[in-house]
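*Asks:* Mind having a look at this structure? Questions to follow.
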Amino acid sequence: KDLQAKLIVSPPLKEIPEFRIKGKTLELSFMDTLLPGTTYNFQFGDAIVDNTEGNPLDSNIFVFSTGSEIDSLWVSGKIKKAYDLSPEKKIIVMVYNEFSDSLPYLSRPLYFTKTNDEGLFKIQYMRSGKYKIFTLKDGNGNYFFDMPGELIGFLDTPVVAGDSTDLVMYLFQEDVSKQFLKRGYAEHFGKLIFVFTKPTEKAKAIPLNR
């Protein structure tokens with residue numbers, strides 16, 4: 001039931017798995033190569049329901065590891081909007097095992113989840129260690145901070161899996177008074193995308209190699 005929109009996979013996959021129903025069995029086929037020694041967490045939300053009344057499956061999380069054990073640590077907390085302190089629902093919370101402030105511009109998170117209706121989150125099945133944590137109101141669903149108007153928040157200090165609970169982060173609008181190129185990439189052969197901090201009417205691309 002609307003699985004592609006509701007399925008959350010952490011660590012994220014570049015391609016959503018293909019799925020099909022065979023009787024009472026849901027089969028997932030992976031398009032990506034899975035990372036070695038990694039615990040994967042599939043959250044189905046209310047996408048799996050019974051045939052008669054449409055009641056969601058209670059146990060809606062599927063966890064497995066490509067290594068010899070399943071990681072079991074977590075971080076948890078709450079996301080609020082900075083300007084009025086209201087809780088934010090369905091906001092992405094992203095965790096990285098690097099510590100640069102530019103990570104949301106450049107790479108997908110190692111772990112992530114979304115907040116519930118009260119703005120609460122819990123990222124589970126994490127490996128032991130220290131992490132950098134961000135929260136993002138993602139405008140295009142690609143796990144990058146790359147669109148004007150997207151809200152972002154972060155903690156200055158690293159979080160420790162298993163010891164970091166009751167965290168509070170605040171979403172805010174970044175100052176976009178300066179114009180610069182945030183990101184450029186090839187979406188597919190023949191199509192280049194350039195993301196600026198502000199709208200521009202005078203952008204021009206000059207190929208250096210014909």
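The values are calculated or read from the model by the stated rules, or taken from the named source; none is laboratory data. Predicted model, so just to flag it, every value in this text is computed and none were measured. Here Cβ is always computed from backbone atoms with ideal geometry, including for glycine, and neighbour counts include all displayed protein chains. With ligands, DNA and RNA removed, areas are computed over all heavy atoms of the protein, side chains included. Shrake-Rupley method; radii C 1.70, N 1.55, O 1.52, S 1.80 Å.
*Asks:* List the pairs whose first member sits in region 186-205 and is among the basic types (K, R), whose second member is in a loop (DSSP other than H, G, I, E, B), and whose Cβ atoms are under 6 Å apart, counting only residues at least 6 apart or on separate chains?
*Replies:* Filtered contacts from region 186-205: K198/V176; K198/Q179.
*Asks:* Same structure, new question: Take S29 and tell me if it is surrounded by fewer than 15 Cβ atoms within 10 Å (Cβ to Cβ), under 16 Å from T113 (Cβ atoms) and either polar (S, T, N, Q) or in contact with a His (Cβ under 9 Å, 6 or more places away or on another chain) (or both).
*Replies:* No; evaluated as a whole, the condition is false for this residue.
*Asks:* Here's something else I'd like to know. Restricting to region 177-194, count the residues that are closer than 30 Å to D84 by Cα and either at pLDDT 85 or above or over 23 Å from the mean Cα position of the chain (by Cα) (or both).
*Replies:* Just the residues of region 177-194 that are closer than 30 Å to D84 by Cα, to begin with: 177-180, 182.
If we keep only those that are either at pLDDT 85 or above or over 23 Å from the mean Cα position of the chain (by Cα) (or both) as well, we get 177-180.
Count: 4.
*Asks:* Restricting to region 124-139, what's the tally of residues that are closer than 22 Å to Y170 by Cβ and not aromatic (F, W, Y)? Working first, answer last.
*Replies:* Within region 124-139, the first condition is being closer than 22 Å to Y170 by Cβ, and the residues that meet it are 130-139.
Of the ones still in play, those that are also not aromatic (F, W, Y) are 130, 132-133, 135-139.
Within region 124-139, residues that are closer than 22 Å to Y170 by Cβ and not aromatic (F, W, Y) number 8.
*Asks:* Between P17, P11, P36, which is open to solvent by 60 Å² or more (accessible area, probe 1.4 Å) and under 28 Å from Y131 (Cβ atoms)? Even if it seems obvious, please write down each step before you answer.
*Replies:* Working: P17 fails: open to solvent by 60 Å² or more (accessible area, probe 1.4 Å); P11 fails: open to solvent by 60 Å² or more (accessible area, probe 1.4 Å).
Every option except P36 fails the conditions.
*Asks:* Continuing with the same structure: Check off (1) assigned to a loop (DSSP other than H, G, I, E, B); (2) touching a Lys or Arg at 6+ places or on another chain (Cβ under 8 Å); (3) at pLDDT 90 or above; (4) open to solvent by 70 Å² or more (accessible area, probe 1.4 Å) for D156 and give me the number that stays unchecked.
*Replies:* (2)
*Asks:* Can you name the residue in region 101-134 that is over 20 Å from V195 (Cα atoms) and of a type in the set (S, T, Y) and, of all such residues, is surrounded by the fewest Cβ atoms within 10 Å (Cβ to Cβ)?
*Replies:* Looking at the filtered set, the residue picked out is S128.
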